[in-house]
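One structure is given below, encoded as structure tokens.
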Amino acid sequence: MTSNNHQQPPLQPRYTLLKTLTGHQRAVSCVKFSYDGQLLASASLDKNLIVWCGETLAKISHLAGHSEGVSDLAWSQDSHYLCSASDDRTVRIWDARSADCVKTLRGHTGFVFSVGFSPQSNLIVSGSFDETVRVWDVKTGRAVHVIRGGHSMPVTSVDFNRDGSLIVSGSHDGSCKIWDCSSGTCLKTLIDDKVPAVSFAKFSPNGKYILVATLNDTLKLWNYSSGKSLKTYTGHVNSVYCIMPTFCVLISVPNENYIVSGSEDHCIYIWDLQGKFVLQKLEGHNDTVVSVSCHPSQKKIASAALDGDRTIRVWVQE
């Protein structure tokens, strides 16, 4: 691999395919390991979610109830509940193991594209094609805040920071904004460029940085306090779809921190967090890889791809 500078790249992580999971009838839009690593959930345009055993990768439950495709999912902190975002304009809360729908959150007037639990799991944030960000009370199922006017095009991503005090949102209008969770007010506009569209934004695990994907084949790591871009990751292909990259941070292995992302060339890219090197390119999917998830304590990555593939693939480090 060539690097962006003259440093020698660190040793490659050497992930290989462990297993291919089938079960969805349409594009797999999202895949995420639970916080305890015991479960893996997938969402699909086939309107369903599937929960798999994180260790054996056997199917545990099938969550059906949405009337349109599901674009995103998130786990509660205790790994007991899932929330899902759907084109049917609702957010649903599920018991992951029993497959029971606990609550249906209604209020969005457009496709719900992104969703997330707060760290305390008492709140849910959602982003929609109706250009709003909504914050919901999990217990009552009611909207605490409806943020209008912050974005002028579909909201492509929302995420809480590590203590639940802040929310980041990204939009096709080219902006990335930071919101105060308690008041719903905008604290900072991190990016406001109109072009390219912001397709994804996520807080780092330590809460200090934000990883932003834009539809010009670029990922950037931002210090949101200073508003400065610190790192740029390139090599993958992303100009059309909202691909969801992630951080790979293992507490047990402090020196192995990566950025992982899918790509429109059907591959998964792994970058060194500090050095910007492409450490490995995983091949095997037959369509755009839109979602990746890293196991919280094992060297394991799950990936999900669109309609030409419809599979979840699980990769392990040798």
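What follows is calculated from the coordinates using simple rules that are stated; it is not laboratory data. In this text, all values refer to a predicted model and were calculated from it rather than measured experimentally. All Cβ positions, glycine included, derive from the backbone under ideal geometry; neighbour counts span all protein chains shown.
From the backbone phi of the stretch 164-172, what are the Karplus-calculated ³J(HN,Hα) couplings (6.51 cos²θ - 1.76 cosθ + 1.60, θ = phi - 60°) in whole Hz, Gly and Pro given as x?
x, 7, 10, 10, 10, 10, x, 8, 5
Counting Lys and Arg as +1 and Asp and Glu as -1, each charge on the Cβ, what is the dipole of the stretch 15-317 about the Cα centre in debye, to the nearest 20?
With only Lys, Arg, Asp and Glu charged at Cβ, the dipole is about 440 debye.
Tell me which residues come under 5 Å, amide H to amide H, from residue 267 once H is placed; ignore anything under 5 positions away on its chain.
Result for residue 267 returns 289.
Mind checking which lysines have their Cα closer than 26 Å to the Cα of residue 281? Skip sequence neighbours fewer than 8 apart in that chain.
Counting by Cα, and skipping residues close in sequence, residue 281 has these lysines nearby: 19, 32, 202, 220, 231, 299, 300.
Taking every pair of Cα atoms in the chain, average 1/r, invert it to obtain the Kirkwood radius, and report Rg/Rh to two decimals.
A ratio of 0.94.
Relative contact order for the chain: what percent, with Cα pairs under 8 Å and sequence separation of 6 or more?
16 percent
Would you kindly derive the ³J(HN,Hα) couplings of the stretch 226-240 from the backbone phi angles with the Karplus curve 6.51 cos²θ - 1.76 cosθ + 1.60 (θ = phi - 60°), listing them in order in whole Hz, with x for Gly and Pro?
Working through the residues one at a time gives 8, x, 9, 7, 9, 9, 10, 10, 9, x, 7, 10, 7, 10, 10 Hz.
Please turn the phi angles of the stretch 113-122 into ³J(HN,Hα) values with the Karplus equation 6.51 cos²θ - 1.76 cosθ + 1.60 (θ = phi - 60°), one per residue in order, whole Hz, x for glycine and proline.
Calculated HN-Hα couplings, in order: 9, 9, 8, x, 7, 6, x, 7, 6, 8 Hz.
What aspartates and glutamates could a cross-link reach from residue 228, if we take a straight Cα to Cα line under 12 Å and drop same-chain neighbours fewer than 8 places away?
Here the aspartates and glutamates satisfying the reach criterion relative to residue 228 do not exist.
What are the residues whose amide H is under 5 Å from the amide H of residue 144, where those residues sit 5 or more places off or on another chain and H is modelled from the backbone?
Under 5 Å from the amide H of residue 144 lie the amide H atoms of 135, 136, 137, each far enough along the sequence or on another chain.
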